[in-house]
Structures are given as structure tokens and as C-alpha cells.
Amino acid sequence: MSRSTVATRHWHLTEDGRVQCDVCPRACRLHEGQRGFCFVRMRQGDAIVLTTYGRSSGYCIDPIEKKPLNHFLPGSPVLSFGTAGCNLGCRFCQNWDISKSREIDTLAHEASPQAIASAASELGCRSVAFTYNDPVIFMEYAMDVADACRERGIKAVAVTAGYMSAGPRAEFYRHIDAANVDLKGFTGDFYHRVCLGRLDPVLETLEYLKAETGVWFELTNLLIPGANDSDAEIDAMTRWVAERLGPDVPVHFTAFHPDFKMLDRPHTPPETLARARRIALGNGIRYAYTGNVHDPAGQSTYCHRCGGLVIERDWYRLGAYRLTGDGQCVTCGAPVPGVFEGPPGTWGRRRLPVQLGRPAVRYSGPGRDRRP
Ligand code: SF4
């Protein structure tokens, strides 16, 4: 085994002599040496191994609002990284150079979980995010990084499509503090034709997160003109969210740009995002946001009780901030759901690539302070 190849646990032998990976609903059944759909898990002997442990496509400090998470340590910097591969096949993938990469050996940077955790700490990041591609497929590495981070008081964030089977899901989320889950559409047909997957397992993940875990999570719905942006679909989705997950799960409606295999569609008009936000609010979602467009009104947070502005945002930059240290509206005292620890950070909208071991910047603003 190479250094980046490690044993995994979620698989079983099938009657026809293949080995089935049980991490996600794709349930790849593999012959010797064959790789799964995600490319990074493969059969080696009578077992499934992960081939990208300790490997990354690069590291960057982002604002946490870019994940997007608007109710989780606002204004703080997050050390972000991904690996390669993905277990969905979205035709509109906005990170397809990473998710469809077959060149991890030449693209990858190498870092142990301890190196990532100590870099995050030295750089003043409050959290580490598994992003750019889905951590489901490199869960063993992600969990070890999360554990190393927790030892240093740094939280772990998963940016994921939620396409995961029940057993691995329960194991994975024990290590995770917050997640942004992509709900890519609300019809089985869209998931089948455009994402090469299924909707139901994603909804199961969301219900699991709400009912069984303390993970703070927010949803992202990328709206593609003519594909998943009808009033009926947005209405059905946001009704389901309000009924099954409750009114406090934030929903981000974000703009699509033509990419990968979907170059034939236009950019999402800002009005579509505003329309989706209106529908969501009408269906009882308390925190609905627009994203990837200039819309300070649609990106700011308002108290659900008194309606007052509590966090002003322009893209990822925070303006007025009217919450107490533990997230209560200073006007009426209503608690705003989320994870709030002290004053907001001041990271702003910067995106800063970093080399592990050679920190390019040290941040010591209020975002890294923790309550006693
Ligand atoms: S994680 Fe990868 S190998 Fe496993 S079932 Fe999913 S796509 Fe297949």
C-alpha cells in the first residue's frame, strides 16, 4: 500500500465474489483493482481501500460565510480543503476539475491530520472545512482531521451533498460540528438525470441530522434556469424543509453559472433567487438567503421575532451586528438559532491560499476568541 492508501470498514463481500462499498447509496460492486464511481475508493484484495488519505488539492482560508454558513461563528476564517473525486455526477458541477480529477497523485498536497489541525490553529481559524469535493468519499481522512482539530478546540465543517448510507453516516457525523448540505433539487427526476443519483437518501440524511445529531446545518439550493427553478419545485422543497426539519434551518438559494456539461443554460437571474427566497419565507422558513449575487438585503439575517436586522452582510463581509455573544437579538432578546461564541470575526471576504507548514498570514482578530 502507498502512504495515501488506507483500509476502510464499510464494505462487504457479495455472493458473486465482488466487494461492495457501503459508504454511499451507489453501492459500487468491485472486482480486484477496480475503482468505484468516486474513483478514490477501490478494491484491493478482498477489501475496499481509500487511496487519497492525507492528500489534498490545496488549502485556502475562506470566510465561513462562503461555505455557506451564516449562523456558525459569523465572520470567522475557516481553513478549507478538498481531495479529488465525487460520488455524484452533477452535469453542472462548479468544481469539476477537482470532483472529476483522475490525477490526484500529481495534483495533491500532502498533510497529516495533525499538520492540518496545527496549521488551522496557527493561522487563527476557528474551523476546518472539507469542501470543494464531498468528504463522504474520504470520510476516514476527514474524521481523523476532525478529531485532531477538536483536540485544539477547532471545529469541523462538512460541505456535502448528503449522499451517504445510514451506517457510515452515523459514524461520520459523530465527528462533525457543522454542515452545509446541498439539496440540489426536489424531484427524483432531477437527481436521476442531472446528478446521476437519487433524492431520497439526501432527504434521509437531512432528517437524520435534525432528529439524531447536534450538528448545526444549513441547506444550499443552486437554482438552474429551466431545470430546478419552478415555483412548484421551490414551494414543495421549502414546505418539506419547514415541516420535516423545522423553520430554523437556513436555506441558501445560490446562482448557477454555466459550467462542465451544462454550458447551454444562462446564469441564474437575481430575480429567480429573490423569488425563491419569497416562497421560502412564505412557507415558514425563517432564514432564507440569496447567494452568488449582489443582494445585501437578501443576504442579511433578520430576527424572526421582531424583524430587526441582526447581521448585515454584503457577500461575505459583515456590517452591522446586533446579536449578543450567545446569539440573542439585542432588540427583543429572541435567540437566533446557530452557533455563536462571543463577538463576530473580522475576516471579511478575503480568500487566502496557504501552504501548510509555511503559513502566509497570522490572524488574531476577534473571530478566534472563545468564551471562557
Ligand atoms: S463511496 Fe465511492 S466506491 Fe463507495 S459506493 Fe459511493 S461511489 Fe461507490
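Odds and ends about this structure:
- Screening the range 122-158 for residues that are more than 21 Å from PRO353 (Cβ to Cβ) and of a type in the set (Lys, Arg) and picking the one that is farthest from the ligand (Cβ to nearest atom) gives ARG152.
- The number of residues in the range 259-296 being within 21 Å of SER76 (Cα to Cα), free of Cβ contacts under 8 Å to residues at least 60 places away in the same chain and either aromatic (Phe, Trp, Tyr) or out of contact with any helix residue (DSSP H, G or I) (no Cβ under 9 Å at 6 or more places or on another chain) (or both) comes to 1.
- Pairs, first within 19 Å of ARG193 (Cα to Cα) in the range 227-242, second in a helix (DSSP H, G or I) and among the polar types (S, T, N, Q), C-beta under 7 Å, six or more apart: ASP229/THR272
- Within the range 303-323, the set of residues being in contact (Cβ under 8 Å) with a residue 12 or more places away in the chain and out of contact with any helix residue (DSSP H, G or I) (no Cβ under 9 Å at 6 or more places or on another chain) comprises CYS303, HIS304, ARG305, CYS306, GLY308, LEU309, VAL310, ILE311, TYR321, ARG322, LEU323.
- Top-ranked residue in the range 246-273 [being in a loop (DSSP other than H, G, I, E, B) and of a type in the set (D, E, K, R); ranked as surrounded by the fewest Cβ atoms within 10 Å (Cβ to Cβ)]: ASP264
Table: residues versus (1) at pLDDT 95 or above; (2) within 16 Å of the chain's Cα centre (by Cα).
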{"residue": "LEU183", "(1), (2)": "yes, yes"}
{"residue": "ARG193", "(1), (2)": "no, no"}
{"residue": "ASP200", "(1), (2)": "yes, no"}
{"residue": "THR205", "(1), (2)": "yes, yes"}
{"residue": "LYS210", "(1), (2)": "yes, yes"}
{"residue": "VAL215", "(1), (2)": "yes, yes"}
{"residue": "SER230", "(1), (2)": "yes, no"}
{"residue": "GLU243", "(1), (2)": "yes, no"}
{"residue": "ASP259", "(1), (2)": "no, no"}
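- Among (1) within 12 Å of the ligand (Cβ to nearest atom); (2) surrounded by fewer than 22 Cβ atoms within 10 Å (Cβ to Cβ), the one test that GLY33 misses: (1)
- Scanning the range 181-195 for residues that are in a loop (DSSP other than H, G, I, E, B) and more than 14 Å from CYS90 (Cα to Cα) turns up PHE186, THR187.
Every residue, every condition in (1) surrounded by 24 or more Cβ atoms within 10 Å (Cβ to Cβ); (2) within 16 Å of the ligand (Cβ to nearest atom), yes or no:
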residue: GLY45; (1), (2): no, yes
residue: VAL49; (1), (2): no, yes
residue: GLY58; (1), (2): no, no
residue: PRO63; (1), (2): yes, no
residue: GLY75; (1), (2): no, no
residue: LEU79; (1), (2): yes, no
residue: THR83; (1), (2): yes, yes
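- Complete set of residues in the range 1-48 that are part of a loop (DSSP other than H, G, I, E, B), hydrophobic (A, V, I, L, M, F, W, C) and under 13 Å from PHE138 (Cβ atoms): VAL23, CYS24, CYS38, PHE39, VAL40
- Cβ-Cβ under 6 Å pairs, at least 6 apart or on other chains, the range 45-57 side over 11 Å from PHE81 (Cα atoms), far side within 16 Å of the ligand (Cβ to nearest atom) and charged (D, E, K, R): ILE48/ARG41; LEU50/ARG41; LEU50/GLU140
- Residues that are within 18 Å of HIS267 (Cβ to Cβ), in contact with a strand residue (DSSP E or B) (Cβ under 6 Å, 6 or more places away or on another chain) and of a type outside the set (Gly, Ala, Ser), drawn from the range 290-302: THR290, ASN292, VAL293, GLN299
- Hey, GLU171 within 16 Å of the ligand (Cβ to nearest atom) and either modelled with pLDDT of 95 or more or assigned to a loop (DSSP other than H, G, I, E, B) (or both) or not: yes
- Scan of the range 297-322 for residues that are at pLDDT 95 or above and not in a strand (DSSP E or B), ordered by number: ALA297, GLY298, GLN299, SER300, CYS303, HIS304, ARG305, CYS306, GLY307, GLY308, ARG322
- Considering the conditions (1) closer than 30 Å to ALA120 by Cβ; (2) not in a strand (DSSP E or B), GLU204 is excluded by exactly one of them, (1).
- Matching option when the condition is charged (D, E, K, R), at pLDDT 95 or above and more than 19 Å from the chain's Cα centre (by Cα), among ARG3, ARG26: ARG26
- Which listed residue, of GLU110, GLU103, is surrounded by fewer than 24 Cβ atoms within 10 Å (Cβ to Cβ), among the charged types (D, E, K, R) and modelled with pLDDT of 75 or more: GLU110
- Reported count of residues in the range 142-167, each being surrounded by fewer than 19 Cβ atoms within 10 Å (Cβ to Cβ) and within 22 Å of GLU204 (Cβ to Cβ), is 2.
The values are calculated or read from the model by the stated rules, or taken from the named source; none is laboratory data. If you're wondering where the values come from, they're calculated on a predicted model, not measured in any experiment. Don't worry about glycine lacking a Cβ; one is built from the backbone with ideal geometry, like all the others, and counts go over all protein chains shown.
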